Amino acid sequence: MPEADLLFRLASLNTAYASCIDNDRLEDWPGFFEEHCLYKITSADNHKRGYAAGVVYADSRAMLHDRVSALRNANIYERHSYRHIVGMPALRGGDDGKIATETPFLVVRTMRDGRMDLFAAGVYLDRLHTATDGALRFTERLVICDSSRFDTLLAIPL
Amino acid sequence: MPEADLLFRLASLNTAYASCIDNDRLEDWPGFFEEHCLYKITSADNHKRGYAAGVVYADSRAMLHDRVSALRNANIYERHSYRHIVGMPALRGGDDGKIATETPFLVVRTMRDGRMDLFAAGVYLDRLHTATDGALRFTERLVICDSSRFDTLLAIPL
Amino acid sequence: MPEADLLFRLASLNTAYASCIDNDRLEDWPGFFEEHCLYKITSADNHKRGYAAGVVYADSRAMLHDRVSALRNANIYERHSYRHIVGMPALRGGDDGKIATETPFLVVRTMRDGRMDLFAAGVYLDRLHTATDGALRFTERLVICDSSRFDTLLAIPL
């Protein structure tokens, strides 16, 4: 596949992923991942130090579904609004037929009373795979946040 | 047209649209729309509830021109700076040859004294049409804002 | 080269440029420019007035290397984190085989204690050139900031 076409498919995938979260269709979110996958939210500091643990960690699609259930039970009240702004992916030269990318992101939060703030910024370090049904899915999405404070970051997937 | 080419044309159109507003060339802004069109700014809450009314509503290019005249008369003093950051469009599967897309956006405002704040975030829900002159134009642009507070949002088109 | 392919190469270049700065690989930053080049940070106000001077000004790759050395000497302490979010480039119709583009950007800063703020917003006005080694490089990058306050803007390249 020509590189421009690939980048477009990746950009479209990121838009669909963000739209899924921002429109509160969390139940669809695990479908962006392969069954055997790695999803992790961590800080740039911890990532640099090579710490394997993340604030959020899941290594299967089933665990992602569990996470959505937990969020649904925790968020009894109407949640704030979130808006992902995702940059263009940069190819990181995946080996062995895998696609590896780095993509900057920013998430803005809007409170129920209209106040807005910067919620999270960082990069996605992704590995992707074209499934047998032709769909691109994540085998790995590491969410590397610029901030090391995670008190509120657990409200939604990033 | 291959999908990648279409997405690129849409992304270029969004960049040109934002540049027109952010560079204060408001008089060119109605030219992005078909003569018979729908432009509406509303909140996510009101959109979900199916309310047809918007904080800003125009159903023709002439009404958009009127809106620009009104803004020019209202903004006697030098205005703040605005900067749109627009994400990649996601195709929503337009029917009958129409193109339908969903595109996240963020607008940052810079005051005359240098202070910056988050001005607006949300999605564009668009329908587009390739005119006989070959140009892509909006037949519909619904600006769905995450916030329901619109006190200041009337200063510029979004 | 078809326009969609060109836009993709430009978007990829911008992502790589931002990644270089945000990941603190400043020593690689001058490599994005031709040896004879113009790099300038200025305000929208000063740009409109036609002032040639910028807050930061360099007209060769060697001067960009000097700037990096100066930043390295000035920033003794661990620096804040920066995250560029760069929009899609709009072609400005470069003459004589040159490529000219306008691209919106936003930079978010994350402090060591986790606080985040809007650091800079504006547009890149670029001229680019395909070098004999096939790489796209900047012959000119004007960083036009919406704000005219530059007290802190000198901490990193934009």
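If we hang a label 7 Å off Cα along the beta carbon direction at B:Arg115, how far is it from the matching labels on the other copies, in nm, shortest first?
Result for B:Arg115, in nm, nearest copy first: 1.5, 1.5.
Please compute the contact order of the stretch A:61-141 in relative form: average sequence separation of alpha-carbon pairs under 8 Å and at least six residues apart, divided by the residue count, as a percent.
Relative CO of the stretch A:61-141 lands at 21 percent.
Please identify the longest segment of chain B free of exposed chymotrypsin sites (Phe, Trp or Tyr not before Pro), where exposed means a DSSP state other than H, G, I, E or B and no more than 13 other Cβ atoms within 10 Å.
Of all site-free stretches, the longest is B:78-158.
Mind listing the phi-derived Karplus ³J(HN,Hα) values for the stretch C:7-20, rounded to whole Hz, using 6.51, -1.76 and 1.60 with θ = phi - 60°, and x for any glycine or proline?
Coupling constants for the stretch C:7-20: 4, 5, 5, 5, 5, 5, 4, 5, 5, 5, 4, 5, 4, 4 Hz.
List the distances, in nm and shortest first, from the label point of B:Phe150 to the matching label points in every other copy, placing each point 7 Å from Cα along the Cα-to-Cβ direction.
Inter-copy label distances (nm, one decimal, shortest first): 4.0, 4.0.
Between the alpha-carbon centers of the stretch A:13-49 and the stretch B:35-62, tell me the distance in whole angstrom.
Each part reduced to its Cα centre gives a spacing of 32 Å.
When only Cα pairs under 8 Å and 6 or more residues apart are kept, what is the percent relative contact order across chain C?
25 percent
Once you order the gyration tensor axes a ≥ b ≥ c over the Cα atoms, which shape class does the protein assembly as shown get: rounded for a/c under 1.5, otherwise prolate or oblate by comparing a/b with b/c?
It comes out rounded by the Cα gyration axes.
Within the stretch C:19-85, which trypsin sites (Lys or Arg not before Pro) sit in a loop by DSSP and count at most 13 neighbouring Cβ atoms inside 10 Å?
Sparse-neighbourhood loop trypsin sites (Lys or Arg not before Pro): C:Arg25, C:Arg49.
Apply the a/c threshold of 1.5 to the C-alpha gyration tensor of the stretch A:39-138 and tell me whether it is rounded, prolate or oblate.
In terms of gyration-tensor shape, prolate.
Counting partner chain Cβ atoms within 10 Å of every residue's Cβ in A:141-149, what's the average?
4
Average partner chain C-beta neighbours within 10 Å, per residue of C:118-128?
Taking all residues of C:118-128 together, the mean is 3.
Under the rule of at least 5 residues apart or a separate chain, name every residue whose amide H is placed under 5 Å from the amide H of C:Cys37.
Result for C:Cys37 returns C:Ser60, C:Arg61.
Within the set A:Lys48/A:Lys98; B:Lys98/C:Lys40; C:Lys48/C:Lys98, which residue pairs have Cα atoms separated by over 32 Å?
Pairs exceeding the cut-off: B:Lys98/C:Lys40.
Looking at chain B as a GNM with Cα springs under 10 Å, which of B:Thr103, B:Thr139, B:Thr130 has the largest mean-square fluctuation?
Of B:Thr103, B:Thr139, B:Thr130, the most mobile in the Gaussian network model is B:Thr130.
What does the average come to when, for each residue of peptide B:99-105, you count the partner chain Cβ atoms lying within 10 Å of its Cβ?
Counting Cβ atoms of other protein chains within 10 Å of each residue's Cβ and averaging gives 3.
Whole-Hz Karplus ³J(HN,Hα) for the stretch A:110-118, in order, using 6.51 cos²θ - 1.76 cosθ + 1.60 and θ = phi - 60°, x for Gly and Pro?
So the J values, rounded to whole Hz, are 10, 6, 4, 8, x, 5, 10, 8, 6.
Arrange A:Asp146, C:Asp45 by Cβ neighbour counts within 10 Å, fewest through most, would you?
Exposure proxy ranking, most exposed first: C:Asp45, A:Asp146.
Amide H neighbours of B:Ile99 under 5 Å, counting only residues 5+ apart in sequence or on other chains, H built in-plane at 1.01 Å?
Hits under the 5 Å cutoff: B:Leu128.
Under a 10 Å cutoff between Cα atoms, tell me which one of C:Gly31, C:Gly93, C:Gly54 has the largest fluctuation in the Gaussian network model of chain C.
Result for chain C, Cα springs under 10 Å: C:Gly93 fluctuates most.
Can you tell which of C:Cys37, C:Cys145, C:Cys20 shows the greatest fluctuation in a Gaussian network model of chain C with Cα springs below 10 Å?
C:Cys20
Determine the sum of side-chain charges near B:Gly54: Lys and Arg each +1, Asp and Glu each -1, restricted to other residues whose C-beta is under 13 angstrom from that of B:Gly54.
Every neighbour counted, the sum reads +1.
To one decimal in nm, how far is C:Ala62 from the same spot in the other copies, if labels go 7 Å from Cα toward Cβ? Please give the shortest first.
Relative to the other copies, C:Ala62 has label-point distances of 6.5, 6.5 nm.
Using each residue's phi in the stretch A:39-47, evaluate 6.51 cos²θ - 1.76 cosθ + 1.60 at θ = phi - 60° and report the 3J(HN,Hα) Karplus result to the nearest Hz, with x for Gly and Pro.
Per residue, the Karplus-derived 3J(HN,Hα) values read 10, 8, 10, 8, 9, 4, 4, 5, 5 Hz.
Any read-out appearing in this document is the output of simple, stated calculations on the displayed coordinates, not a laboratory observation. Quick caveat: nothing in here was measured; it's all calculated off a predicted structure. All Cβ positions, glycine included, derive from the backbone under ideal geometry; neighbour counts span all protein chains shown.
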